[in-house]
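Novice: Below are the structure tokens for one structure; questions will follow.
No lab work stands behind these numbers, since they all come straight from the coordinates. Please read these numbers as outputs of a predicted model, since none were measured by experiment. Here the Cβ positions follow ideal geometry from the backbone for every residue, glycine too, while neighbour counts run over all protein chains shown.
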Amino acid sequence: MINHLPILQVIVPLMAAPVAALVRKRGVAWFITVLATWASLAIAVLLLLDVRDGGTIRYALGGWAAPWGIEYRVDTVSAYVLVIVAGIGAIVTPYALLSVRREIGVKQAPLFYSALLLCLCGLLGITITGDVFNLFVFLEISSISAYALIAMGPDRRALHAAYKYLIMGSIGATFIVIGIGMMYMMTGTLNMADLARLLPSVGGRTVTVAFAFLAVGISLKLALFPLHQWLPDAYAYAPSTVTAFLASTATKVAFYVLLRVVFSVFGVVFAFETMSLHWALLPLAIVAVLFASLTAVYQGNVKRLLAYSSVAQIGYMILGVSLATVTGLTAGLLHLFNHAVIKGALFLAMGAVMYRVGSVRIEAMQGLAKRMPWTMAAFVAGGFSLIGVPLTVGFVSKWYLVLGAIENDMWLVAFFVLVGSLLAVAYIWKVAEAAYFKDYIGDLDVREAPLGLLVPMWALVVANFYFGVDANLTVGVARQAAELLLGVGP
Amino acid sequence: MRILGLYNYWIFIFLMMVGFYILISRRNLVKKILGLNIFQTSVFIFYISMGKITGGTPPILVEGSEEVIYSNPLPHVLILTAIVVGVSTTAVALALVVRIKEAYGTIEGDEISAMDNQIPF
């Protein structure tokens, strides 16, 4: 049993998905979903503990040895991302019960849970696999279920947003397949470790083109500026649960894919010395931070505002990668975890507002802090973390990012990180001001959100502060993962 | 001669660009899906022609002839998976278009965007 943990990580949500779709009762479907996500989290934590003790776990699917069969590989990097994805899944699904009851029809609810499980399965699969084509298949499993999930949003604009995401996402995925095909053409293998061994000796223009196709395709999935247009609409109109889940996992997993392809498959030397990837990523990351933060300030819909802020946060992560040092990469990986808990908490708070008020426009939140004190307090606490106030997780990752920039003598980059944080103050303040300093004008029967919504939300808020004060665990794992990716250290 | 000898890749690039152009230039949601399909099909051709070896036979093992040169079956199998993915993407996309038609009464991207921008949300 314990030897089969890598495959169970994917199989559990995959098998639970059709069961959730087949039972016609939404309560039962919800219960199955919660069980499956918590089982996934338990498996992910066991894998992380295993990896930290005993090094990389390799699992040959169906007993076929590595270069021929599909291999699942769990090292520190993938175990770290697995825990984040499964953890967010385990926190979001209990929240879903009430939120889904409000936003999604009785008939669609079991199908909704089924799609959510499939999406989780795809994201976990991407993270755990050691085979590039298998990665593409899981990418499409998670994307196609995400299109369906977004389309279930209460507003009709959710449909158009899902359609636009589908077109962009499919272009990205097709680019990735072209890149994989070219790599296969030159090496005759699809196994990541094997590719890493063979690619440097092949070289040539085909490999260069493959790298370009993969970089663009993954950047589309990642919503790296200027390929981010699909993201704000998709996050703004999706059901609250879906927004919280996707914002904290989908782009993070795409970021992980970028790390895998750049560092584990092509290698630092090829990516940063031959291809000068950092000169492509660094300007885009800085523009993403500044432009998306500035756009966020002018949004009237808070979910959309947070979505633009997500684009900016992706910029911070990419910034860490483009430094290509241990500190920079540690900052990127730290922000992957930290942004997942920050945005999870913020979007869950918005879900609670949607549940009670039925709108997430700033006008609808005037004076809401008097009516929903716990929800708005969670939003402000998450906002502090987003800004990077000390004692929150947001501070930890920005600290490492600034440190990494200064190590490379890039003072201007460090300056832009701080400008981005100031802009975050502006857009979080806009919401906080409306909620705390305006008079309440809405319906009189609006009350505090029920406990079923508050508990998952506050679990993430507490995580924001806990890992902000005691950062040893996250920084330790992130640094170990960064050293592994760069091929330095133990 | 070298350029002509690689004609399968020229077909791949031509189809890819045709599909991509339709995707970018058309506003009709169904036509966009057609463009996406052509775009994806070009990749199928790329994979399938990649496995072909001049003079190669189908990869079937016949007794007494182990020394036969055969085409690489793996890209063909891979692309079967990609075709399934493409079909399901198309199915989801068409289902979305049906729902969009019901909700908006049109499938022209411009008109839908105009309706989206009318109401602030």
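Novice: Averaged over its residues, how many other protein chain Cβ atoms are within 10 Å of peptide B:87-96's Cβ atoms?
Specialist: Going residue by residue through B:87-96 and averaging, the value is 5.
Novice: Using the charge dipole of region A:276-490 (Lys, Arg: +1 at Cβ; Asp, Glu: -1 at Cβ; taken about the Cα centre), state which of A:L319, A:L277, A:L386 has its Cα farthest towards the positive end.
Specialist: It is A:L386, whose Cα lies furthest towards the positive end.
Novice: Still on this structure, I have one more. On a straight-distance basis, which aspartates and glutamates could pair with B:K101 in a cross-link, Cα separation under 12 angstrom, same-chain partners fewer than 8 positions away excluded?
Specialist: Straight-line reach from B:K101, under 12 Å: B:E111.
Novice: Sort B:H76, A:H228, A:H278, A:H335 so the one with the fewest other Cβ atoms within 10 Å of its own Cβ comes first.
Specialist: B:H76, A:H278, A:H228, A:H335
Novice: By its C-alpha gyration tensor, with a ≥ b ≥ c as the square roots of the eigenvalues, how is the protein assembly as shown shaped: rounded for a/c under 1.5, else prolate for a/b larger than b/c, else oblate?
Specialist: Taking the square roots of the gyration eigenvalues as a ≥ b ≥ c, the protein assembly as shown is prolate.
Novice: Next question. For region A:273-326, state the semi-axes of the equivalent ellipsoid (square roots of 5 times the eigenvalues of the alpha-carbon gyration tensor), sorted largest first and rounded to whole angstrom.
Specialist: 27, 9, 6
Novice: Shifting gears a bit: Amide H neighbours of B:Y70 under 5 Å, at least 5 residues apart or on other chains, H built in the peptide plane: list them.
Specialist: Long-range HN contacts for B:Y70: B:T57.
Novice: Net charge within 15 Å of A:Y147 by Cβ-Cβ distance, Lys/Arg positive one each and Asp/Glu negative one each, not counting A:Y147 itself?
Specialist: +3
Novice: Under a cut-off of 20 Å between alpha-carbon atoms, report the lysines in cross-link reach of A:K343, not counting same-chain residues fewer than 8 places apart.
Specialist: A:K221, A:K252, A:K303, A:K398, A:K430
Novice: Using +1 at the Cβ of each Lys and Arg and -1 at the Cβ of each Asp and Glu in chain B, identify which of B:L34, B:I112, B:T81 lies farthest towards the dipole's positive end.
Specialist: B:I112
Novice: Also, quick follow-up: Just for the protein assembly as shown, what percent of DSSP beta bridges are antiparallel, to the closest 5?
Specialist: In the protein assembly as shown, DSSP labels about 90 percent of beta bridges as antiparallel.
Novice: If you don't mind, another one. Report Rg (one decimal) and Dmax (nearest whole number) for region A:276-490, counting Cα atoms only, units Å.
Specialist: Cα radius of gyration and Dmax of region A:276-490 are 17.9, 61 Å respectively.
Novice: Identify all lysines with a Cα-Cα distance to A:K25 below 27 Å; exclude those on the same chain that are fewer than 8 residues away in sequence.
Specialist: A:K107
Novice: How long is chain B along each principal axis, judged by its Cα atoms, biggest number first, in Å?
Specialist: 73, 35, 19
Novice: Now for a different question. Mind listing the phi-derived Karplus ³J(HN,Hα) values for region A:56-65, rounded to whole Hz, using 6.51, -1.76 and 1.60 with θ = phi - 60°, and x for any glycine or proline?
Specialist: Coupling constants for region A:56-65: 4, 9, 10, 10, 8, 5, x, x, 7, 5 Hz.
Novice: So, one more: What does the charge count near A:G383 come to, summing +1 for each Lys or Arg and -1 for each Asp or Glu among other residues with Cβ under 13 Å from its Cβ?
Specialist: Neighbourhood net charge equals +1.
Novice: Given springs between every Cα pair under 10 Å in a Gaussian network model of chain B, which of B:T90, B:T106, B:T54 has the largest fluctuation?
Specialist: Judging by the Gaussian network model, the answer is B:T54.
Novice: Could you work out the relative contact order of chain A? I mean the mean sequence separation of Cα pairs under 8 Å and 6+ apart, divided by the number of residues, in percent.
Specialist: 14
Novice: So what's region A:322-408 giving for Rg/Rh, alpha carbon basis, Kirkwood Rh from the mean inverse pair distance?
Specialist: Radius of gyration relative to Kirkwood radius: 1.13.
Novice: Does region A:22-179 classify as rounded, prolate or oblate by the C-alpha gyration tensor (a ≥ b ≥ c root eigenvalues; a/c under 1.5 gives rounded; else a/b over b/c gives prolate, otherwise oblate)?
Specialist: Oblate, since a/c reaches 1.5 and b/c is not below a/b.
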